[in-house]
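Chemist: The structure is given below, and queries will be raised subsequently.
The values are calculated or read from the model by the stated rules, or taken from the named source; none is laboratory data. Because the structure is a prediction, the values reported are computed rather than measured. A quick note on method: Cβ atoms are made from the backbone with ideal geometry, for glycine too, and the neighbour counts reach across all protein chains shown.
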Amino acid sequence: MTRIENKEGVSKIIMRPVVYCLCDLGGDWYSLEIEIEMKPVGAYPDYMEVQDFLMRCVDGKRLNIEDALLITKKELEIWFSDAEIVVKGVVKNAKTHFDVEVTL
């Protein structure tokens with residue numbers, strides 16, 4: 001993932017992508033609204049590359065919300081270990097249960 005030098009002094013970035021996953025526990029498709037909050041230090045990501053990663057590694061996969069968020073957070077922490085990163089997700093449209101919000 002490309003590291004863009006934070007020469008602007010950006011103090012916080014919030015990204016809000018949406019993916020669709022098949023829950024490996026309930027066996028139902030759901031939409032996952034992810035909120036990635038990043039406090040960058042030396043660099044921040046190319047947003048198109050974050051989207052590409054999510055489309056390749058999370059979207060359409062058989063994952064529960066916790067695992068989908070963990071995959072996302074771990075990838076960002078590999079590339080931006082100097083940043084503070086919080087990943088939150090809201091499950092919507094699951095037929096087997098109510099909306100659920102999880103924060104890592």
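Residue-by-condition table, conditions (1) more than 30 Å from residue 8 (Cβ to Cβ); (2) of a type outside the set (D, E, K, R):
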residue: 40; (1), (2): no, yes
residue: 52; (1), (2): no, no
residue: 55; (1), (2): no, yes
residue: 62; (1), (2): yes, no
residue: 76; (1), (2): no, yes
residue: 82; (1), (2): no, no
residue: 96; (1), (2): yes, yes
residue: 102; (1), (2): yes, yes
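Chemist: For the subset of region 42-59 comprising residues that are hydrophobic (A, V, I, L, M, F, W, C) and either part of a helix (DSSP H, G or I) or modelled with pLDDT under 95 (or both), which member is surrounded by the fewest Cβ atoms within 10 Å (Cβ to Cβ)?
Modeler: 48
Chemist: If you scan region 33-49, which residues turn out to be among the aliphatic types (A, V, I, L, M) and touching an Asp or Glu at 6+ places or on another chain (Cβ under 9 Å)?
Modeler: Residues satisfying the conditions are 38, 41, 43.
Chemist: When region 11-30 is examined, which residues are found to be assigned to a strand (DSSP E or B) and farther than 19 Å from residue 72 by Cα?
Modeler: Residues satisfying the conditions do not exist here.
Chemist: Would it be correct to say that residue 4 is under 13 Å from the mean Cα position of the chain (by Cα) and either of a type in the set (D, E, K, R) or on the phi < 0 side of the Ramachandran plot (or both)?
Modeler: no
Chemist: Does residue 82 meet the test of being among the acidic types (Asp, Glu), outside any helix (DSSP H, G or I), in contact (Cβ under 8 Å) with a residue 40 or more places away in the chain and more than 20 Å from residue 4 (Cβ to Cβ)?
Modeler: Against the criterion (among the acidic types (Asp, Glu), outside any helix (DSSP H, G or I), in contact (Cβ under 8 Å) with a residue 40 or more places away in the chain and more than 20 Å from residue 4 (Cβ to Cβ)), residue 82 does not qualify.
Chemist: Which of the residues belonging to region 60-87 are within 15 Å of residue 19 (Cα to Cα) and either at pLDDT below 95 or crowded, with 18+ Cβ neighbours inside 10 Å (or both)?
Modeler: Scanning region 60-87 gives 63, 64, 65, 68, 69, 72, 87.
Chemist: Moving to a separate point now. Which one of 37, 8, 101, 33 is of a type outside the set (Gly, Ala, Ser), loosely packed, with under 12 Cβ neighbours inside 10 Å, at pLDDT 95 or above and not in a helix (DSSP H, G or I)?
Modeler: Only one candidate qualifies: 8.
Chemist: Just checking, which of 77, 66 is among the charged types (D, E, K, R) and either within 23 Å of residue 4 (Cα to Cα) or not in a helix (DSSP H, G or I) (or both)?
Modeler: 77
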